[in-house]
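The values are calculated or read from the model by the stated rules, or taken from the named source; none is laboratory data. Keep in mind that this is a model prediction, so the values were computed, not measured. Virtual Cβ from ideal backbone geometry, glycine too; neighbours counted across all protein chains shown.
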Amino acid sequence: MPEHPAYPVGLRLTGRRTVVLGAGQVAQRRLPALLAAGADVLLISPSATPSVEAMAERGELRWERRRYAAGDLVDAWYALIATSDPEANAAASEEGERERVWCVRADDAEAASALTPATGRGAGVSVAVLSAELHDRDPRHTAAVRDAIVEGLRDGSVVARQYRSRTPGVALVGGGPGDPELITVRGRRLLAEADVVIADRLGPRDLLDELPPHVEVIDAAKIPYGRFMAQEAINNALIEHAKAGKAVVRLKGGDPFVFGRGMEEAQALAAAGISCTVVPGISSTISVPSAAGIPVTHRGVAHEFTVVSGHVAPDDERSLVDWKALAALRGTLVVLMGVDKIDRIAATLVDHGKPADTPVALVQEGTTATQRRVDATLATVADVVRTEQVKPPAVIVIGPVVRVGPDTLP
């Protein structure tokens with residue numbers, strides 16, 4: 001008989017009996033997808049890996065602690081045969097053939113009636129890759145093809161036009177600390193699908209160059225009027241473009257809800273009746289110190305870290321920060337937007353009892369090619385900022401973790 005390629009098909013297993021024989025590494029890898037498909041899973045195996053056992057303990061599947069027995073595949077729709085007993089695998093495969101149950105064999109693909117493709121998800125589709133040659137299967141090749149397609153769909157480098165109408169709306173996307181590779185997969189995909197992008201100056205600017213020519217890019221920093229009116233103008237621009245039927249991305253630095261006015265924009269959109277999706281981003285509060293080799297927590301050094309905004313000085317009546325309480329903490333203090341106020345911040349902390357020799361690190365342009373780190377103490381930081389000409393954006397880290405590094409002895 002000539003060999004023919006496998007016929008690809010998607011099985012709908014919701015609520016349907018699925019038998020898994022064996023609970024080792026193969027089952028551990030395959031079970032999550034079966035459970036996600038809603039399959040009614042019966043696991044038959046005398047033992048299981050800890051991860052598979054945890055699935056049974058959570059009630060995600062039924063587990064019978066025994067070996068395969070004739071009749072186990074009766075009334076099943078699908079079976080995964082993955083025991084360490086070749087004779088049991090062959091017997092189960094023969095039963096599946098008699099009962100007309102699609103069976104996957106982990107030990108012998110050529111003896112199976114079904115094959116498991118290399119699968120992945122991206123951009124709202126499932127990707128399944130099968131080898132065209134059964135006798136010359138190369139799982140690593142099919143997995144690599146799968147990964148390339150899924151990664152392209154996720155990061156927007158593979159873009160396929162959607163023919164169904166999209167629902168207009170706005171996505172508030174956290175772009176991360178600056179390195180374009182640190183945006184989330186979902187954020188990058190939404191950027192690739194956008195009609196309009198309203199971008200912050202602190203967002204990952206390099207990603208804007210990758211957008212198709214038809215995408216309108218609006219620089220939020222150049223929207224006119226004062227600070228308050230600028231935010232109102234941004235809100236109005238989001239609403240205007242969304243009401244025009246456009247898919248709008250508001251690209252922000254860091255995370256939309258960490259000193260990013262993201263909730264103000266979400267509230268404005270809700271008041272206008274416009275759907276809003278929030279995509280969290282990697283906050284500079286932890287990523288920038290990490291990129292500079294500073295752990296915000298470290299065993300035996302700091303058990304907590306606190307993040308505050310320094311855009312308002314401690315002696316300003318508008319300040320909502322309890323600087324006296326912060327000075328009493330023994331952990332790490334991370335200050336954003338505080339470069340031009342660091343002299344008063346440092347003096348206030350010392351006045352409230354923080355030791356003047358407390359280490360301070362300023363990380364400018366964190367995670368980007370121009371990143372630099374400047375170290376000081378609370379007593380010297382004001383002078384160091386002036387002499388070293390530290391400029392925003394910079395993340396300020398205060399506490400003993402500043403002196404912790406890869407070469408520090410435990």
Within the range 214-333, strands (runs of 3 or more DSSP E) holding 2 or more residues that are among the β-branched types (V, I, T) and closer than 22 Å to R344 by Cβ
305-309
Checking A111 against (1) over 16 Å from V20 (Cβ atoms); (2) surrounded by 19 or more Cβ atoms within 10 Å (Cβ to Cβ): exactly one of these is not met. Which one?
(2)
The range 348-397 - residue that is over 18 Å from G176 (Cα atoms) and either assigned by TED's automatic domain parsing to the domain that holds F259 or touching a Lys or Arg at 6+ places or on another chain (Cβ under 8 Å) (or both) and, of those, surrounded by the fewest Cβ atoms within 10 Å (Cβ to Cβ):
H352
In the list A361, A369, which residue meets the criterion of being within 30 Å of the chain's Cα centre (by Cα) and part of a strand (DSSP E or B)?
A361
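Might you let me know whether the range 371-391 holds any residue that is under 16 Å from I294 (Cα atoms), without any contact (Cβ under 8 Å) to a residue 24 or more places away in the chain and of a type in the set (K, R)? Spell out how you get there, then give the answer.
Applying the first criterion (under 16 Å from I294 (Cα atoms)) to the range 371-391 yields 371-377.
Within this subset, residues satisfying the condition of being without any contact (Cβ under 8 Å) to a residue 24 or more places away in the chain are 372, 374, 376-377.
Retained after the next criterion (residues that are of a type in the set (K, R)): 372.
Yes - at least one qualifying residue is present in the range 371-391.
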Which residue pairs have Cβ atoms under 7 Å apart, sit 6 or more places apart or on different chains, and have a first residue in the range 112-138 that is modelled with pLDDT under 70 and a second that is of a type in the set (S, T, Y)?
R137/S131
S309 versus (1) closer than 15 Å to G366 by Cβ; (2) in contact with a Phe, Trp or Tyr (Cβ under 6 Å, 6 or more places away or on another chain); (3) not hydrophobic (A, V, I, L, M, F, W, C): which is the lone unmet condition?
(1)
Given (1) under 21 Å from W102 (Cβ atoms); (2) at pLDDT 95 or above; (3) not aliphatic (A, V, I, L, M), identify the lone condition not met by R29.
(2)
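Quick check: is even one residue across the range 62-71 within 26 Å of the chain's Cα centre (by Cα), among the basic types (K, R) and under 23 Å from P86 (Cβ atoms)? I'd like the intermediate steps shown before the answer.
Just the residues of the range 62-71 that are within 26 Å of the chain's Cα centre (by Cα), to begin with: none.
Checked against the condition, which is being within 26 Å of the chain's Cα centre (by Cα), among the basic types (K, R) and under 23 Å from P86 (Cβ atoms), the range 62-71 yields no hits at all.
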Residue count for the range 91-108, restricted to those that are surrounded by 14 or more Cβ atoms within 10 Å (Cβ to Cβ), farther than 20 Å from L13 by Cβ and at pLDDT below 95:
1
For the range 334-356, how many residues meet the condition of being closer than 21 Å to E304 by Cα and part of a helix (DSSP H, G or I)?
5
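Within 27 Å of the chain's Cα centre (by Cα) and either over 21 Å from A382 (Cα atoms) or not assigned by TED's automatic domain parsing to the domain that holds L378 (or both): does that describe A325?
No, not satisfied.
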Test each condition in (1) free of Cβ contacts under 8 Å to residues at least 40 places away in the same chain; (2) closer than 16 Å to P177 by Cα for T285 and report the one that comes out false.
(1)
Quick check: anything in the range 79-87 touching a helix residue (DSSP H, G or I) at 6+ places or on another chain (Cβ under 7 Å), free of Cβ contacts under 8 Å to residues at least 60 places away in the same chain and not aromatic (F, W, Y)?
no
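Yes or no: the range 71-79 includes at least one residue that is surrounded by 15 or more Cβ atoms within 10 Å (Cβ to Cβ) and over 30 Å from A132 (Cα atoms).
Looking through the range 71-79, at least one residue is surrounded by 15 or more Cβ atoms within 10 Å (Cβ to Cβ) and over 30 Å from A132 (Cα atoms).
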Cβ pairs under 7 Å, 6+ apart or interchain, first in the range 171-187 and of a type in the set (K, R), second assigned to a strand (DSSP E or B), ordered by first then second residue, are R186/V279
Residue identified as surrounded by 12 or more Cβ atoms within 10 Å (Cβ to Cβ), part of a loop (DSSP other than H, G, I, E, B) and modelled with pLDDT under 80 among S157, S165:
S157
